[in-house]
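Written out below as structure tokens is the structure these notes cover.
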Amino acid sequence: MISRAVRLWGIALWLGAIGLVLTGCWDMRSASQYVIVSSMSVTTGEHANYHVYLQVINSLEFTSSKGKGNAPTLTFDAEGNTMDEVFSRIEQKTSRELELSHMMLLIMDSKLLATDHGLLFIEFLETMKDIRNDIQLVAAHKVPASEFAKLYFPDTQVSAVKIRFAIDSVDNNWGESPDTTLKQFIGDITSEGRQPVMSSITIDQPSKKSHTVEVGKSVDTQTEIVTDGTAVLRRGRLIGFLDTEETRNMKWVEDKIKHTSLSIPCQKEHFVQVRIDRSKTRLNVEYANNRPKVTIQIDVDGKISENQCSTIRLSKLSGYDQVRKLTEKEIKSQVEETIAKVQKNYGVDIFGFGEQLKRNHYQTFKKVRSHWDDEFVKADVTVKVKAEIFRDGMTSDNFLQDIPGYTQ
């Protein structure tokens, strides 16, 4: 007789074989059942709280055998007071379900962000299971958010991809975009020692021609997406903007600079260019005499990529010492000016000074956390910079210095 153990193993193997045959199909959907959403733009509605524009992929245009030269993306929009209402109305227009798990970009209109409805919208997205927490949050600056859903660019075809690439490139190479994801935004806004920010974008020379594929037949593409800095928020409401240089200074404080480049004045209308390839920031926050004491130490390694100044002779070590001092002075003054501007004009801690005080002196922070932004405004900030400067493939001196009678 076959033992009970052998029979049980036989049943288990049989069930396993059946499982291998049946699993993987129960929730399969045909591509014709849904539309892939690449980005979402949100503005205030005329007759409701929200007006949502979804950029969806025209999948037929990405199939070589079926592409007909039509628009690679389509835009569907609807108004509603809740997101379920909006999505329901858009699905009536698409006649298919919305696939949101591939969405890479959320563009918020500045007018909407200035109200509580902007934060409520983000809160709704955070609760949706189909929304990834690494989507990029972006504030539309100077133009309505709806414009970004309609653009066509022949190099990337999908404008959401171009915007995402632009933000990533500016962040990696210049440090001039905060590159805020949904997860990071939620972490900042729920923090007791920091207020949230998000990337700011605008459109240079907007034109309705850029709404059609015909723009791809011209070499003169004037309409461009520009990453122009940072949107500053207080408890989720927009209160102002920082430009690209001020954004870089903010990221210097946060120790988030990967690479950047400085054009440093060295003579009247002449500059020396320094490419920063390494940066490290150490932040210390104390509390004494009824105010925060902040010390920021920034260490950078840079390479000289251009020298327009006859007063800087790179054939001598003193020339490199000049550039080093100019670099330290430039970074120090810029960072100090940006911190002072945020303290005076916005009064919110976007740098994370409060988080640092909480980590290092929790008992002290507990006494001021309920009004930390007021404490931030009166913080005493000291910025120190140490630079190391190296040559970057340049000859020691440019030939202009050898031209008889030439002066700068």
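The values are calculated or read from the model by the stated rules, or taken from the named source; none is laboratory data. Here the structure is a predicted model, which is why all the values come from computation and not from measurement. Heads up, the Cβs are rebuilt from the backbone with ideal geometry, glycines too, and the neighbour counts pull from every protein chain shown.
Only residues that are modelled with pLDDT under 90 and hydroxyl-bearing (Ser, Thr, Tyr): list them for the range 133-191, please. Those that are modelled with pLDDT under 90 and hydroxyl-bearing (Ser, Thr, Tyr): Tyr152, Thr156, Ser159. Taking the range 372-407 as the range and being farther than 30 Å from Arg278 by Cβ and at pLDDT 95 or above as the test, the residues that pass are Trp372, Asp373, Asp374, Glu375, Val377, Lys378. Based on what the data block shows, is Phe390 buried (at least 19 other Cβ atoms within 10 Å of the Cβ) and among the aromatic types (Phe, Trp, Tyr)? When the stated conditions are applied, Phe390 does not pass them. Can you confirm whether Phe153 is outside any helix (DSSP H, G or I) and touching a residue at least 60 places away in the same chain (Cβ under 8 Å)? In short, yes. Of note, Asp255 satisfies the criterion of being at positive phi and either modelled with pLDDT of 95 or more or assigned to a helix (DSSP H, G or I) (or both).
Conditions tested, residue by residue: (1) of a type in the set (Ser, Thr, Tyr); (2) in contact with a Leu (Cβ under 8 Å, 6 or more places away or on another chain).
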| site | (1), (2) |
| --- | --- |
| Arg89 | no, no |
| Ala140 | no, no |
| Val143 | no, no |
| Ala149 | no, yes |
| Val170 | no, no |
| Thr190 | yes, no |
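Of everything in the range 124-138 that is without any contact (Cβ under 8 Å) to a residue 60 or more places away in the chain and touching a helix residue (DSSP H, G or I) at 6+ places or on another chain (Cβ under 6 Å), the residue that is nearest to Ser101 (Cα to Cα) is Ile131.
Screening the range 165-182 for residues that are hydrophobic (A, V, I, L, M, F, W, C) and crowded, with 20+ Cβ neighbours inside 10 Å and picking the one that is farthest from Ile201 (Cα to Cα) gives Trp174.
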